[in-house]
Amino acid sequence: MSSRLSTTGHDSALHREAREWLLLLTSGRATTVDAQDFRRWCAQSLAHAQAFAETRLLWDNLGAAARNLARREPLAPSGTGGRAPRGMSRRAFLGGAVAASAALLVAARSPLQWWPSLPDVLADYHTATGEQRQVQLGGGVVVEMNTQTAMNVRMLHGQPMGIELLTGEIQLRTPGGLAGSFVVQALQGRISAPAGAQCNVRCLDGKVEVTGLDGRVRLEYLGRSESLGRAEQAGYGSLGLEAATPADTEAAIAWRRRVLMFDDQPLADVVAEINRYRPGRIILTNDALAARKVRARFSLNQLGDVATLIHEAFGAQVRTLPGGIVLVS
């Protein structure tokens, strides 16, 4: 895709590019390369990300009729490498006349995670699918970011005082000489880590899970609090704040060694976790298979072979589709 500058209005050049991307990503013909190219296009600027989010929201508002009409229109090269289709007709998009509400853009996240949400794109730090990175925030505070993670840094007088974890997973380490506590805000709760503390924090699917690795950390959620020591775990979400329980720290931090460990977990949960690390998606279409319990250890470097391993272990049928989509039944 090209990167022309936007003009105002929903029929601007940038919005037309966004429509081309949306048509490609929903056509069933998108490839992993297309997804990577799209992420680069979307991350170029706030205007790019907002144009796509507005276009997607408009698409959703128009409903099935517009989408059915779009499917009847042939896909053709747009002069940008042959991958992207031509723009949707004015008939389908009503000339771009329907205005989008910017307040709703924050919810524009693809269920297959073809594109990042607007807050993730604009976060101070974010990682792509399969990417891990270390961020040194200053003052000795170190944050290790796992795949598909986004966070903002909260500053006070030029010094980092905490972070807002928007989504994903981090491992936090505070220095021994830290004054006060370093605070991680996630969903409607907060995790306070004093000097010399270390913890792992997951914020996924409306739930936060914290594992204590060193020192003590404090969780606060909806007026309740819980203290965690080493090898203890607690979380919060729709069911409130959980009490601390013993934790398997080796499994909790295995991702730092680029390993995933599963001990007697449903295959559905295993696949959901694996999907965070690989482009595309593995989709289980058999409920009985999804409920099968699994004990396994995977290197992140071998996730491309997971569908084959499921086939060999359970006799499952595997069908590979474009864009990294794999159906397992």
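The values are calculated or read from the model by the stated rules, or taken from the named source; none is laboratory data. Note that the structure is predicted; figures quoted are calculated from it, not measured. Glycine gets a Cβ as well: all are built from the backbone with ideal geometry, and neighbour counts include every protein chain shown.
Taken over region 130-142, residues that are among the β-branched types (Val, Ile, Thr) and either surrounded by fewer than 20 Cβ atoms within 10 Å (Cβ to Cβ) or in the same structural domain as Ala43 (by TED's automatic domain parsing) (or both) amount to 2.
Are any of the residues in region 50-63 within 24 Å of Gly280 (Cα to Cα), at pLDDT below 50 and more than 23 Å from the chain's Cα centre (by Cα)? I'd like the intermediate steps shown before the answer.
First pass over region 50-63, keeping only residues within 24 Å of Gly280 (Cα to Cα): 50-57, 59-60.
When the remaining residues are screened for being at pLDDT below 50, the result is none.
No, because not a single residue in region 50-63 is within 24 Å of Gly280 (Cα to Cα), at pLDDT below 50 and more than 23 Å from the chain's Cα centre (by Cα).
For region 223-272, a residue qualifies if it is surrounded by fewer than 17 Cβ atoms within 10 Å (Cβ to Cβ), more than 11 Å from Gly212 (Cα to Cα) and among the acidic types (Asp, Glu), and the qualifying residues are Glu250, Asp263, Asp264, Asp269.
Among the listed residues Met161, Met145, Met155, which satisfies the condition of being surrounded by 17 or more Cβ atoms within 10 Å (Cβ to Cβ), free of Cβ contacts under 8 Å to residues at least 40 places away in the same chain, among the hydrophobic types (A, V, I, L, M, F, W, C) and in contact with a strand residue (DSSP E or B) (Cβ under 9 Å, 6 or more places away or on another chain)? Outline the logic, then answer.
Numbers: Met161 fails: surrounded by 17 or more Cβ atoms within 10 Å (Cβ to Cβ); Met155 fails: surrounded by 17 or more Cβ atoms within 10 Å (Cβ to Cβ).
When all the criteria are applied, what remains is Met145.
Within region 220-240, work out how many residues are charged (D, E, K, R) and either within 23 Å of the chain's Cα centre (by Cα) or farther than 11 Å from Gly189 by Cα (or both). Of the residues in that region, 3 qualify. Apart from one condition, Ser192 fits all of (1) at positive phi; (2) part of a strand (DSSP E or B); (3) of a type in the set (Gly, Ala, Ser); the exception is (1).
For the residues Val306, Val318, the requirement of being touching a helix residue (DSSP H, G or I) at 6+ places or on another chain (Cβ under 7 Å), within 22 Å of Thr31 (Cβ to Cβ), surrounded by 16 or more Cβ atoms within 10 Å (Cβ to Cβ) and of a type in the set (A, V, I, L, M) singles out Val306. Every condition in (1) touching a strand residue (DSSP E or B) at 6+ places or on another chain (Cβ under 6 Å); (2) loosely packed, with under 15 Cβ neighbours inside 10 Å; (3) in a loop (DSSP other than H, G, I, E, B) holds for Ala179 except the one numbered (1).
For region 255-301, the tally of residues that are free of Cβ contacts under 8 Å to residues at least 12 places away in the same chain and of a type in the set (Gly, Ala, Ser) stands at 2.
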